[in-house]
Amino acid sequence: MINIGIFCGSANGSDPVYREAASQTGQLLAGKGMGIVYGGGKVGLMGAVADAALEHGGHVTGVIPQSLVEREIAHTGLTHLHVVANMHERKMKMAAQLGLHAKPCAFLDVNGFYRPLQDMIRQMVEQGFLKKSHEDMLIFSANMTEITEYFADYRAPAVKWSQ
């Protein structure tokens, strides 16, 4: 099974379109048989993704620090919930950088929310702070089906420090 890491807010945002997109994402990933790994919360957009995936038979794994479990925001209905000591351990479990992984990254760009980030990344390439091959690991799209197709066809670039 392919697992997709989801990073999104613990708030819903001011426009209901964001929560709707989160729910649609969870449903679509579950329908494609893709697992979700995310921050483990039951609130905001995180909770909406998880709930929708679970409602449609999806496999959802959460990684949450103990302090947030104590604040009662942990999603207790997940397939798996990993409770870690702190935010640093959470990040270590969920993400890697500098050649530890070569996985693609997508931004579900609802209402152009990530357009400024995309512009910044382009400027980083133009100014020589980021290689074009690493920019190409990213996709910005308002269409979740396009994102999953990108993941299916993805080929990783060479490891950063070996070039």
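Values in this text are rule-based calculations from the coordinates and carry no lab data. Bear in mind that the values here come from a model prediction, so they are computed numbers and not experimental data. Cβ: placed from backbone, ideal geometry, glycine included. Neighbour counts: every protein chain shown.
Pairs of C-alpha atoms in segment 96-163 farther apart than 19 Å represent 38 percent of all such pairs. Size descriptor for segment 27-79, Kirkwood hydrodynamic radius: 10.8 Å (Cα pairs only, one decimal). For Leu45, neighbours were defined as the other residues whose beta-carbon sits under 11 Å from its Cβ, and their charges (Lys and Arg +1, Asp and Glu -1) total -1. Taken along its principal axes, the alpha carbon cloud of the chain reaches lengths of 44, 33, 31 Å, longest axis first. Electrostatic tally near Ile64: other residues with Cβ closer than 14 Å to its Cβ, Lys and Arg +1, Asp and Glu -1, net +2. Taking a point 7 Å from the Cα of Arg155 along the Cα-to-Cβ direction, the residues of segment 112-137 with backbone N closer than 15 Å to it are 133-134, 136-137. In units of the compact-protein estimate 2.2 N^0.38 Å, segment 115-154 shows a Cα radius of gyration of 1.28. Mean sequence separation of contacting Cα pairs (under 8 Å, at least six apart), scaled by the length of segment 96-163, corresponds to a relative contact order of 48 percent. Diffusion of segment 1-95 by Stokes-Einstein, at 37 °C in a medium of 0.692 mPa s and with Rh set to the Kirkwood radius over alpha-carbon pairs, works out to 253 µm²/s. Within the chain, DSSP assigns beta bridges of which about 5% are antiparallel (rounded to the nearest 5).
May I ask you to compute the full-extension gain from Val125 to Lys91, defined as 0.36 nm times their residue separation minus their alpha-carbon distance, rounded to one decimal in nm?
9.7 nm
Return the subset of Lys32/Lys93; Lys32/Lys91; Lys32/Lys131; Lys103/Lys132 for which the Cα-Cα distance in this structure is over 22 Å, preserving the input order. Cα-Cα > 22 Å for Lys32/Lys93; Lys32/Lys91; Lys32/Lys131; rest within.
Long hydrophobic helices in the chain, taken as whole DSSP H segments with a C-alpha length of 15 Å or more on their own axis and mean Kyte-Doolittle hydropathy at least 1.0: 44-55.
In a fully extended conformation the segment linking Ala102 and Ser14 would gain 28.3 nm over its present Cα-Cα distance, using 0.36 nm per residue. Which of these, Leu29, Leu78, Leu68, has the largest mean-square fluctuation under a Gaussian network model of the chain (Cα springs below 10 Å)? It is Leu68.
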